[in-house]
Every structure is written in C-alpha cells, then in structure tokens.
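The values are calculated or read from the model by the stated rules, or taken from the named source; none is laboratory data. Small disclaimer: the values here were computed from a predicted structure and weren't measured. All Cβ positions, even for glycine, are placed from backbone atoms using ideal geometry, and neighbour counts span all protein chains on display.
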Amino acid sequence: MALRVLVGCKRVIDYAVRIRVKPDKTGVVTDGIKHSMNPFDEIAVEEAVRMKEKKIASEVIAVSCGPMQSQETLRTALAMGVDRGIHVDVSGKDYELLQPIHVSKILAKIAQEEKCDIILLGKQAIDDDSNQTAQMTASLLNWPQATYASKIEKTNGELQVLREIDGGLETVRVKIPAVISADLRLNEPRYATLPNIMKAKKKPIKKVTPGDLGVETDPRIEILSVEDPPERQAGIKVEDVDTLIAKLKEVGRI
Amino acid sequence: MASLTAARSKFSVWARGSACGIVHFLSSRTFCSKGAIAGKNIEQAVYQETLLSNPPLLPEIVLNLITPDCRLWWSKVEATNTWFADPFWAFCWPGGQALSRYILDNQKVVKGKNIYDVGSGSGVCGIAACMAGAAHVKAFDIDPVACKIVELNATANKVDMEVTCQNILQETPDKDPPNVILLGDMFYDEALALQMCHWLKCQLENPQPPMVLIGDPGRWAFCHSTHPFNFRCVAKYLLPPTCKEENNGFVHSFVWEQWESILPQEIMTMNVEIHHMTKKASAKVGQCLRQALPSWV
C-alpha cells in the first residue's frame, strides 16, 4: 500500500539573517528581511520526496500556515518534488499570535481531510524554537509519534525510526498512521534546480483559512516583551595568581 | 543554530550560482527586450543560451535545451524570463521523452498518419513522429517563442513539420482531422488539465475518433483529471539519473493510450493511479504491453 504523506513547511527568517528586536519590544523585525523555509522542514520535505521516489509514498502534500508569502515557501517544497501545496492563510495580527497548538490543529484537520497516512514535520522551527507541533499533532489525532528521527524505514505496514536522544540513539517502531519529526541527520536536502523551480510554478496550491478547517486561532499566550539577550560584560586581566585569588574573594566566588 | 552547516554550504553554492548568473546577464544584455524577442533575435538568444543536446531517453534526437552547462541553469528563474518568458521548451519533459521513445520504438503507431502534437514545447514528440514516418505532423503551442524553437529543433533533426501558435483547445481546425493526437506532459497544470480533458472528450466523440497517446510521469493533475477516460498503460520507462534530477519526485515515465472505441464515461470506471501500478492494478488497467528498461538499469 502506497502512503499519502503530509509535510509541514514554515516560512521563517533566514538562518543567516541577524535578528533585530523591534523598538517597541513587541517582536522582531520581519519587514524586508530575507525569509526561507525552516531548515528542519526542508529535511522533512526531502524525506517525504525520497519516500515518493522509493514508491513508499504515492503522494506528498505540503502545508504552510502564514501570510501570502508562505506560498513562496510552498513553491520551494514543490520544486523539491512535492506534488501539491495547501496554503493556510493567516496574516497580520493573527499570524503574529499563531502558536504551535493552532498549527497542530490545522495539520490534524488537513491530515484527516486529505486522508494522509504520515505527517512529517521539522522537529522545531528556528524562529520560535518551540518544538511542540509534531507532538501536539500526534496527540490531537491520537496517532503514534516518532520525534527527532535520523533514519526512517518502512517494514510491513510499520515504520522503524531511529531517534536521536540524549547520549545515543533509540530505535522505535510505530504503526501507520503516524507523526514523525525530522532531526538534522535524517538527510541532506537537495537543491531545487531551474527546471524544477519552473515546473513547480504550475503545481497546484489550494488556499484555505483556519475558519474553513473549523480551527479557532485565538491566542493562548500574551507576549509581554521581546528583548535582546543581555550584552556580555568585558572581563579584566590580572597580573598574577595572588591578584586573581584576591579578586575572586572580592566578588564572593571563593 | 550551530548545527546547520549542511544548510549553510547549500546556500553559499546557490549564492555563487546566482551571482555569476547576474554578471553574465548584464554583460549579455544587448539584444533582449522583455518577453518580446522575435525572429532573428530568438535564434541568436537560443544559440547563446542553450546547447544542442540529446534528451537522456532519446539519443537519436537533438534539441536546443538549457542544460547544467548553460549559465541560465544556475541563474534565477526571473533571469530566464527576461529572455524567453517561461521557457518550458528549454527542457525535455519526462512525459515528452517517454512518448517520443514509444513512438520511435513502435513506428507503426504513427506511420503514414496525420499527427497533432498538442502543447509541443520543444517539439520533441512531433519530431519523433516525423522520424517514425508520419505523413503529416502539425505542432501546436500557444507560446510564440516555443513555435520558433520547434522550427529550429525540426531543422536540427532534418525533419519537416508544420507549427502553429493557435490555441487548439479554443479553436480546433476542421480541415485534416488528426489520426493521432500526441500529448507529451500536458497535465502539469490543474486548470489546463481540465480544459484538456474536455477537449479530448469532444475529439473522441467524432465519428472517426483519433487515437490519443499521452506521456506523463504521474503528475497530480493527470491522476486526478483523467478518471472519465479509459486510458491503458502501454509503456513504462525508468528515468535516467540526469532526467530524475530535472524532475524531483519522479522515477518513471509512462505512456497511456485511450482504449479505441470506448468513449470516456462520466463516472469513474477505473482509478488510474499510476503509483499504485502494482501487478494487480496494471492487470486491471490493461496489460502493460511493454516495459522498456534502458541499459543503465
């Protein structure tokens, strides 16, 4: 049985951009800043496309929640070999307050509507570093989950997943349907070359809203303040060991 | 994210590619005018920006293609648009390659017949039909640049075919109806696929319906728009590595034929889902007449 795979791809500020906090401390500056697909989601997309090329998957659908520009992120996924995209339109203030719980509900609903067998997500996004979406999606659907995957193999209707855990690796078997989150070593994503990018322009992207899916996006948390990490204070140089001991005593370290 | 070195190296490669693209682009800007280059200029641009190359499945055919040896391959899509506006003809699509391979290996399908190559792109299917002995080949493509390219490609392969820019889906010629309609990778766009199905249905309702041959690697729009038809798979080709690289997500390309004398039905009679082409499914769809696996398998 060939499977249908749903893969999430979030549009985030490019990893190479220096992040600046807005003067009013309500968030970070995003206007005019280079965005790209969350690198962990790129790994998830690559894995889904490889599943399709190995004929494990029959169809790969990419989902992105966010403003209009999220469609560019979907196009990247389509150029990597995804069959079609779903853009869940969330913009303005709603997008600023969109949280993993909302995205999980959206993904769970789409997975049911599209009759997906596997949901593949990046383990976390490099902007908010929440690391919650895959786990909550699995919980909402009551599907098994295999997070931090560094290898995925299909064995008779089950998936054998090698997980990255503290101090080593763990092998788990999950029944399908399942939610999997991708860790860094799962694969190395391919470059989307010109012919792929061109052909991706013609692949279908369906636009829906959270409302269409019956998902409320009321914020569950309130952002009080976003601040830069404190700047590191300069140290001092001491002449000899005695001065060092004296200084340490002075600041109460010994 | 200290652990993102892999992603970083990727971006630097991409940046290098596009930077060098821009430099070339500025230096070779002399005769481009956005979306409207014509005649001699197209020839000159094609000469400068493409290479005469063999599509991987078709060593006997040469086409003007953008290959990894061309600068545009490494530039951004917008750079190609400045020259040609969506040069879909500059790549030999997997459906077109499979269909052309099938025609060249089964020449009787087109020999002595009147052929329409609809959405011809590079013109590869029409060229293959000419080589296989078709009586007359007419290529249709709504992109005027593509039409010019078809002429250039036909000349490069020493074949003679008619090319027209007319939108056949909107105005179908009454004269010389085709015996065979070739559709190489025409199901790449959802809306176009639906239009195409409607048009095909009209063609098949003619008193003397043409034979319809489709090349497609399993595109979503093909799998989801062609249910009313009784297509059977007549050939399956493994895509060579270079072709796979141009078509992420696809491994095979297929040739489909409309069952003669059976009109398309309104109700789905057979779920033509190529990925499920297991032995059982292919037996159901019709026997897979030919499974040509090239030597590199």
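Out of curiosity, is B:ALA85 in contact (Cβ under 8 Å) with a residue 24 or more places away in the chain and either on the phi < 0 side of the Ramachandran plot or among the charged types (D, E, K, R) (or both)?
no
Run down B:ALA146, B:ALA193, B:ALA221, B:ALA135 and say which single residue is among the hydrophobic types (A, V, I, L, M, F, W, C) and modelled with pLDDT of 95 or more.
It is B:ALA135.
Within the range A:3-45, how many residues are of a type outside the set (Asp, Glu) and more than 21 Å from A:LEU186 (Cα to Cα)?
Adding up the residues that qualify gives 19.
Is it true that some residue in the range A:212-221 is more than 20 Å from the chain's Cα centre (by Cα) and within 24 Å of A:GLU53 (Cα to Cα)?
The answer is no, given that none of the residues of the range A:212-221 is more than 20 Å from the chain's Cα centre (by Cα) and within 24 Å of A:GLU53 (Cα to Cα).
Here is a yes/no grid of residues against (1) within 14 Å of chain A (Cβ to nearest Cβ); (2) closer than 17 Å to B:MET196 by Cβ; (3) surrounded by 24 or more Cβ atoms within 10 Å (Cβ to Cβ):
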position: B:GLU78; (1), (2), (3): yes, no, no
position: B:ALA85; (1), (2), (3): yes, no, no
position: B:ALA90; (1), (2), (3): yes, no, yes
position: B:PRO94; (1), (2), (3): yes, no, yes
position: B:ASP105; (1), (2), (3): no, no, no
position: B:LYS108; (1), (2), (3): no, no, no
position: B:LYS111; (1), (2), (3): no, no, no
position: B:SER120; (1), (2), (3): no, yes, yes
position: B:ILE127; (1), (2), (3): no, no, yes
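Residues checked against (1) closer than 11 Å to A:PRO177 by Cβ; (2) part of a loop (DSSP other than H, G, I, E, B); (3) without any contact (Cβ under 8 Å) to a residue 40 or more places away in the chain:
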residue	(1), (2), (3)
A:ILE110	no, no, no
A:CYS116	yes, yes, no
A:LEU121	no, no, no
A:GLN124	no, yes, no
A:ASP128	no, yes, yes
A:ALA134	no, no, no
A:SER139	no, no, yes
A:TYR148	no, no, yes
A:GLU153	no, no, yes
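Within the range B:179-229, restricting attention to residues that are surrounded by 24 or more Cβ atoms within 10 Å (Cβ to Cβ) and assigned to a helix (DSSP H, G or I), which residue is farthest from the other protein chains (Cβ to nearest Cβ)?
B:LEU200
Give the residues of the range A:117-134 that are out of contact with any strand residue (DSSP E or B) (no Cβ under 6 Å at 6 or more places or on another chain) and surrounded by fewer than 20 Cβ atoms within 10 Å (Cβ to Cβ), sorted by residue number.
A:ASP128, A:ASP129, A:SER130, A:ASN131, A:GLN132
Applying the selection to the range B:59-104, what residues are acidic (Asp, Glu) and within 18 Å of B:VAL46 (Cβ to Cβ)?
B:ASP69, B:ASP86
Please go through the range A:145-202 and give me each residue that is in contact with a strand residue (DSSP E or B) (Cβ under 6 Å, 6 or more places away or on another chain) and within 14 Å of another protein chain (Cβ to nearest Cβ), ordered by number.
Once the filter is applied, which keeps residues that are in contact with a strand residue (DSSP E or B) (Cβ under 6 Å, 6 or more places away or on another chain) and within 14 Å of another protein chain (Cβ to nearest Cβ), the range A:145-202 yields A:TYR148, A:SER150, A:GLU164, A:ALA182, A:ASP183, A:ARG185, A:LEU186.
Can you say whether B:LYS148 is in contact (Cβ under 8 Å) with a residue 60 or more places away in the chain, within 19 Å of B:LEU63 (Cβ to Cβ) and of a type in the set (Lys, Arg), as far as the supplied structure shows?
yes
Can you tell me how many residues within the range B:59-79 are without any contact (Cβ under 8 Å) to a residue 24 or more places away in the chain and either assigned to a helix (DSSP H, G or I) or touching a Ser or Thr at 6+ places or on another chain (Cβ under 7 Å) (or both)?
Here the count works out to 5.
Being within 12 Å of the chain's Cα centre (by Cα) and touching a residue at least 60 places away in the same chain (Cβ under 8 Å) is the filter here, so list the residues in the range A:26-64 that pass it.
A:ASN38, A:PRO39, A:PHE40, A:ASP41, A:GLU42, A:ILE43, A:ALA44, A:VAL45
Within the range A:43-69, take every residue that is in a helix (DSSP H, G or I) and in contact with a helix residue (DSSP H, G or I) (Cβ under 7 Å, 6 or more places away or on another chain) and give me the one that is nearest to the other protein chains (Cβ to nearest Cβ).
If we take residues in the range A:43-69 being in a helix (DSSP H, G or I) and in contact with a helix residue (DSSP H, G or I) (Cβ under 7 Å, 6 or more places away or on another chain), then A:VAL49 is nearest to the other protein chains (Cβ to nearest Cβ).
Could you check, for the range B:258-280, whether at least one of its residues is buried (at least 21 other Cβ atoms within 10 Å of the Cβ), at pLDDT 50 or above and of a type outside the set (Gly, Ala, Ser)?
yes
Which residue pairs have Cβ atoms under 6 Å apart, sit 6 or more places apart or on different chains, and have a first residue in the range A:198-220 that is β-branched (Val, Ile, Thr) and a second that is in a strand (DSSP E or B) and buried (at least 16 other Cβ atoms within 10 Å of the Cβ)?
Short answer, once both residue conditions are applied: A:ILE205/A:GLY85; A:ILE205/A:HIS87; A:VAL208/A:VAL88; A:THR209/A:ASP89.
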